[in-house]
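Peer 1: First, the structure itself, so that you have it in front of you.
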Amino acid sequence: MSFKVIKPGFLTTIQDYGRFTHGAHGLSQSGVMDEHAYGWANHLLENSPTDAVLEITFGGVELQTLDDCAISVCGADLDFKVNNQTALSWHSVQIQKGDVLSWTLPKHGIRAYLAVKGGFDTEVLFDSRSVNLRENIGSKLKVGEVLICDSSNIEFDHFIVPQYIPNYDKDVVLRLLPSYQYHQFSKAQRVLFFNQTYTISNANDRAGCRLNGVPIAIEKSKMISEGMSYGSVEIATDGLPIVLLKDAPTIGGYPKIGTVFSLDLAKLAQKQPHAKVRFELMDIHQAQKQRLKFNQFFGLD
């Protein structure tokens, strides 16, 4: 089965679970920004939990279906339609050859995920199908491009009950695991960090999210660059946080007050500039327990 790209949208790329084995060579983790929506999109089709999907950012996408197939769309409400008729999200959908799928403008959230039974069959680069534009690995969708998928045509009728669908309009609280240079920040600096509401700036992409707020007064000192993990919160020289995301570099030299719990980053991935963000501390054992529960449910190693 396959899809032909009629309109590629603002930023539409193939993503999978990520690129985990090449950090030592300077390659970013990459992968989907919203693991929760991605997990459900594949789960509704009984796919492998790491199958590749289409990550659609801000909409503006139109695809023509070249074969009958089963799909699911999870994540942001980007006004998903089939043949110009509103279609179900967070639900498996059977589509026919010639159907036109479209996503227009964001209503709630900014990133939607299109999964197809068997996953998208694109080139594997460095053990992942994930596109990373900053590292010139793969490319955005192009007009006329044909996306190849698994050839199976199995019908599904799976859905998520409404109370389990995320509310992307809620303010985000990011739970932070103290790490890196946490104890090098003074008590006053930490109080200021945890007791204010930040706003997401326009400097917000797949590499990182810069936040606006009251700066933390820090002494400017040279620091040797060190390895960084997904979710690290750097405090830049202007005293403001930068949350590192999927396409972030693997090393950096700003002091880091901690690391955001990975599942909370899915919520951050759905927020537009000017949205409000707060931080609170999280216990490592609680984080491990919640992450294990998530991984077991979706069948992740």
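Peer 1: Quickly run through region 145-180 and pick out the residues that are under 20 Å from the mean Cα position of the chain (by Cα) and of a type in the set (A, V, I, L, M, F, W, C).
Peer 2: Scanning region 145-180 gives ILE160, ILE165, VAL172, VAL173, LEU174, LEU176, LEU177.
Peer 1: Can you tell me which residue among ALA217, ALA248, ALA188 is touching a residue at least 60 places away in the same chain (Cβ under 8 Å) and not in a strand (DSSP E or B)?
Peer 2: ALA248
Peer 1: Would you pick out the residues in region 49-86 that are surrounded by fewer than 22 Cβ atoms within 10 Å (Cβ to Cβ) and acidic (Asp, Glu)?
Peer 2: Once the filter is applied, which keeps residues that are surrounded by fewer than 22 Cβ atoms within 10 Å (Cβ to Cβ) and acidic (Asp, Glu), region 49-86 yields GLU62, ASP67, ASP68, ASP77, ASP79.
Peer 1: If you take the residues of region 1-21 that are part of a loop (DSSP other than H, G, I, E, B) and surrounded by fewer than 16 Cβ atoms within 10 Å (Cβ to Cβ), which of them is farthest from the chain's Cα centre (by Cα)?
Peer 2: THR21
Peer 1: Do we have TYR198 as surrounded by 12 or more Cβ atoms within 10 Å (Cβ to Cβ), at positive phi and either in contact with a helix residue (DSSP H, G or I) (Cβ under 6 Å, 6 or more places away or on another chain) or aromatic (Phe, Trp, Tyr) (or both) here?
Peer 2: no
Peer 1: Right, another one. May I ask you to say which residue of TYR198, TYR230, TYR254 is more than 30 Å from HIS108 (Cβ to Cβ), of a type in the set (Phe, Trp, Tyr) and not assigned by TED's automatic domain parsing to the domain that holds SER130?
Peer 2: One residue alone meets the criteria, TYR254.
Peer 1: Right, something else. Looking at the structure I just gave you, is GLY98 among the small types (Gly, Ala, Ser), surrounded by fewer than 16 Cβ atoms within 10 Å (Cβ to Cβ) and outside the structural domain of ILE200 (by TED's automatic domain parsing)?
Peer 2: Against the criterion (among the small types (Gly, Ala, Ser), surrounded by fewer than 16 Cβ atoms within 10 Å (Cβ to Cβ) and outside the structural domain of ILE200 (by TED's automatic domain parsing)), GLY98 qualifies.
Peer 1: Name every residue in region 118-173 that is of a type in the set (Val, Ile, Thr), surrounded by fewer than 18 Cβ atoms within 10 Å (Cβ to Cβ) and farther than 22 Å from HIS22 by Cα, in order of residue number.
Peer 2: VAL143, VAL146, ILE148, ILE154, ILE160, VAL161, ILE165, VAL173
Peer 1: A further question on this structure: Considering only region 252-262, I want to know if a residue exists there that is of a type in the set (Phe, Trp, Tyr), part of a loop (DSSP other than H, G, I, E, B) and modelled with pLDDT under 95.
Peer 2: yes
The values are calculated or read from the model by the stated rules, or taken from the named source; none is laboratory data. Predicted model only: the values in this text are computed from it and were never measured. Cβ sites come from the backbone with ideal geometry, for glycine too, and all protein chains shown count toward neighbours.
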